[in-house]
Amino acid sequence: MNAASFIPALTRGAVALVGTLIVGLIAVLAAGLDPVTTLQAIIDGAVGTPYAIRQSLTEAVPVTLTALGVAVAFRAGLFNLGGEGQIYIGALGAVGTALLFPELPSVLLIPFALAVGTFGGLVWGAIAGVLRAKLRLSEIITTIMLNFIAFWIVSYLVHGPLKDPGGSGYPLTREITTSAQLPVFGDLVPSGAVLMLVAAFCVWLLLERTSTGIRIKGSGSSASASRFAGVSMSRVTILVMAVAGALAGLGGAVSLQGDQHQLGDFFSPGWGFDAVAVALIGRGTATGTFITGVAVGALRSGIQSAQGTAEVPSSIAQILLAAAVLFVIVGNAEGAGQMVRRSWSRTRGLASD
Amino acid sequence: MTDIFDIVTSATLYAAAIRLALPIFLAALGETFAERSGLVNVGLEGMMLMGAFGAVLGSDVTGSALAGVAIGLLFALLVAAVQGFVAINLGGDQIVCGIALNIGALGVTAFLVRAIWEGGNAPQVPGFSAFHFPILADAPFLGVAIFQQSIFVYVAFLLALISWWALMKTGWGLRMRGCGEDPLACESLGIPVKRLRWQAMLICGGCAGLGGVFLALGELLTFSDGMSGGRGFIALAVVIIARWSPMLAIPSALLFGAVEAFALRVQSSDLNVPPELMLALPYVATIVVYAIVVGRSNPPAALGRTYVRQ
């Protein structure tokens with residue numbers, strides 16, 4: 001049954017947006033803030049100056065890259081909740097490479113470190129894929145466990161073997177050399193943002209223009225039909241989880257080489273979970289996920305800079321994301337459609353079906 | 001000089017194992033009801049977190065740990081109500097809803113902690129101390145291991161017995177399990193699928209919430225962001241490992257409690273093991289045990305499928 005036909009898509013989107021804004025308004029009022037100045041501060045902080053735009057893009061990159069991976073998995077009917085761990089492993093690969101080969105020229109070192117980070121994420125994602133395909137372990141559980149395992153491995157390394165001996169005592173690695181750092185174009189566009197755009201295009205190509213994309217979407221919408229058509233489900237499962245992990249790993253590597261330059265315990269502020277919400281709000285499409293991801297990056301960055309002026313708690317972003325996802329599910333739900341139809345026919349004086 | 005042998009033979013290790021297994025067990029017990037009725041509830045983590053937060057808030061405001069329990073349960077039931085409404089009444093995607101609620105609970109609790117308490121940190125609050133069984137508490141080994149636990153431990157054990165009886169030995173339990181196997185057939189027999197699933201979801205919220213309450217009032221006596229630490233997800237694995245049985249959930253949860261207790265003991269001993277790697281152990285154990293057991297599991301047939309009466 002096509003649940004989407006119950007309520008027109010545009011109406012659903014509008015209702016979800018208005019609902020989310022109302023939740024945000026409640027949160028802002030509950031925090032004792034003035035809604036108008038808060039919104040103004042967030043918008044200023046997100047896009048008010050060239051620097052703000054650059055910060056927003058920087059913040060959007062890891063979330064969007066990870067979300068694109070979540071979207072690919074989602075289209076295959078899989079939930080990649082492991083973005084957080086894949087980001088950490090990706091950043092670990094990048095920082096390790098950059099610290100091992102500091103004397104390499106930039107043209108080699110930058111892509112090399114990015115590639116190692118991406119590969120690390122790929123492996124971390126593929127583990128969950130293999131466990132699902134070969135042993136039928138739910139990826140919902142294994143990806144969460146792999147998050148914690150990745151986090152504690154990184155934590156061990158930055159407290160111990162990789163800790164900067166000349167540092168201030170904080171559990172952080174040494175900073176990578178400038179030869180490994182991603183450039184910023186014209187002081188405005190971080191190169192990570194370009195990578196993010198390219199990745200979104202590649203995901204769009206994969207899903208919409210390749211036979212692999214058809215297999216991915218087919219296995220998500222009807223597993224039995226796909227199997228009947230000769231699609232190897234386990235191959236699709238491992239592939240999409242590896243792709244998801246690779247994109248998140250790239251996100252971690254880009255944030256490391258383009259922004260933070262060193263790895264520590266608190267490298268990711270929860271991008272992996274933001275990414276899940278972003279992909280779900282974007283309905284698993286490349287375009288929807290890309291737009292939502294950039295918007296969430298701007299929101300996060302806006303809130304961050306507004307924290308200085310209006311004390312806006314960063315947890316508001318999480319609340320907004322959760323609310324938006326809930327509104328999207330409700331909009332797509334079969335039962336919700338029935339309810340709307342019933343009340344429609346009632347108001348028109350017709351018998352309900 | 002401590003060595004592994006000393007650690008695994010000490011009564012305090014087993015006491016810690018039971019204590020650490022408790023929140024996982026309670027959440028798994030609740031999830032067993034939900035899944036037996038056909039609902040997948042990935043929002044366990046969020047329910048535990050809200051339970052823990054509500055417990056600390058209630059205990060701080062009223063100064064009574066018992067009121068903390070009530071408020072904690074209320075907060076967790078709130079999450080269960082949203083999950084129930086979306087999953088049962090609207091027929092929305094159960095897994096996505098659970099994921100959203102987990103993210104939402106993380107955000108809401110972090111938000112409220114900063115909004116309510118000065119300095120943005122939850123205070124130390126009155127909690128529950130250990131309950132010493134007369135005579136039995138002084139027994140060698142078992143006294144320390146079992147009979148000096150928090151009152152929650154004994155309550156949880158009773159809950160397990162009651163749940164087993166209710167789910168497996170009563171008509172109500174049979175009907176509830178029927179909803180998880182074939183809701184349409186149940187409906188045609190006049191069994192109120194919606195109502196039974198709502199009961200299961202609220203029981204689930206209550207149990208998971210109680211797990212969170214214990215984490216807060218029996219263990220830490222305060223709230224910290226994300227303090228449920230993935231236990232809601234370990235509980236999801238425990239349900240499968242226990243093959244959807246309330247009684248088997250006890251040894252399954254204990255296994256994880258034991259791993260965590262062992263990891264903590266090794267960490268605080270003079271064995272030269274990096275503490276961070278020990279902290280990863282419960283999560284590794286979850287995957288390993290899950291992988292060993294899952295091949296023989298047989299979930300309820302209608303688990304997680306949307307069912308809306310036409």
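Quick look at the numbers
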| item | result |
| --- | --- |
| Set A:Ser301, A:Ser219: member being buried (at least 20 other Cβ atoms within 10 Å of the Cβ) and either more than 24 Å from A:Val325 (Cα to Cα) or in contact with an Asp or Glu (Cβ under 9 Å, 6 or more places away or on another chain) (or both) | A:Ser301 |
| Residues within region A:304-322 that are more than 7 Å from chain B (Cβ to nearest Cβ) and part of a helix (DSSP H, G or I), tallied | 9 |
| Residue among A:Ile89, A:Ile26 that is free of Cβ contacts under 8 Å to residues at least 40 places away in the same chain and either in contact with a helix residue (DSSP H, G or I) (Cβ under 7 Å, 6 or more places away or on another chain) or aliphatic (A, V, I, L, M) (or both) | A:Ile26 |
| Which listed residue is more than 10 Å from chain A (Cβ to nearest Cβ), buried (at least 22 other Cβ atoms within 10 Å of the Cβ), over 20 Å from A:Ala27 (Cβ atoms) and in contact (Cβ under 8 Å) with a residue 40 or more places away in the chain, from B:Gly72, B:Gly92, B:Gly98, B:Gly63 | B:Gly72 |
| Given (1) facing another protein chain (nearest Cβ under 9 Å); (2) surrounded by fewer than 19 Cβ atoms within 10 Å (Cβ to Cβ); (3) closer than 21 Å to A:Phe273 by Cα, index of the condition A:Leu137 fails | (2) |
| Pair list, Cβ under 8 Å, 6 or more apart: region A:261-282 residue on the phi > 0 side of the Ramachandran plot and away from chain B (no Cβ under 11 Å), other residue surrounded by fewer than 24 Cβ atoms within 10 Å (Cβ to Cβ) and assigned to a loop (DSSP other than H, G, I, E, B) | A:His261/A:Glu175; A:His261/A:Ile176; A:His261/A:Gln181 |
| Any pair with Cβ under 8 angstrom, 6 or more apart, that starts in region B:273-294 at a residue that is more than 7 Å from chain A (Cβ to nearest Cβ) and ends at one that is among the acidic types (Asp, Glu) | B:Leu281/B:Glu260; B:Pro282/B:Glu260 |
| Candidates B:Phe233, B:Phe262 - the one that is surrounded by 22 or more Cβ atoms within 10 Å (Cβ to Cβ) and of a type in the set (Phe, Trp, Tyr) | B:Phe233 |
| Residue pairs meeting the criteria (Cβ under 9 Å; at least 6 apart or on separate chains; first under 16 Å from A:Met233 (Cα atoms), in region A:120-132; second among the aromatic types (Phe, Trp, Tyr)) | A:Leu131/B:Tyr290 |
| From B:Val193, B:Val259, residue being more than 10 Å from every other protein chain (Cβ to nearest Cβ) and in contact with an Asp or Glu (Cβ under 7 Å, 6 or more places away or on another chain) | B:Val193 |
| Answer from B:Phe85, B:Phe131, B:Phe111, B:Phe141 - the residue that is under 22 Å from the mean Cα position of the chain (by Cα) and either away from chain A (no Cβ under 14 Å) or modelled with pLDDT under 95 (or both) | B:Phe131 |
| Conditions (1) under 30 Å from A:Asn80 (Cβ atoms); (2) outside any helix (DSSP H, G or I); (3) out of contact with any Ser or Thr (no Cβ under 9 Å at 6 or more places or on another chain); number of the one not met by B:Gly92 | (3) |
| Residue that is within 26 Å of A:Phe266 (Cβ to Cβ) and aliphatic (A, V, I, L, M), where the choices are A:Ala225, A:Ala200, A:Ala229, A:Ala246 | A:Ala246 |
| All positions within region A:159-203 that are farther than 25 Å from B:Pro275 by Cα, of a type in the set (Gly, Ala, Ser) and surrounded by fewer than 20 Cβ atoms within 10 Å (Cβ to Cβ) | A:Ser179, A:Gly186, A:Ser191 |
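Yes/no per residue for (1) surrounded by 19 or more Cβ atoms within 10 Å (Cβ to Cβ); (2) aromatic (Phe, Trp, Tyr); (3) touching a Phe, Trp or Tyr at 6+ places or on another chain (Cβ under 8 Å); (4) closer than 20 Å to B:Phe111 by Cβ:
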residue	(1), (2), (3), (4)
A:Ala9	no, no, no, no
A:Gly13	no, no, no, no
A:Ile26	no, no, no, yes
A:Thr37	no, no, no, yes
A:Asp44	no, no, no, no
A:Glu59	yes, no, no, yes
A:Leu78	yes, no, no, no
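The values are calculated or read from the model by the stated rules, or taken from the named source; none is laboratory data. Given the structure is predicted, the values throughout are model-derived calculations rather than measurements. Reconstructed Cβ throughout: ideal geometry from the backbone, glycine too, with neighbour counts over all protein chains shown.
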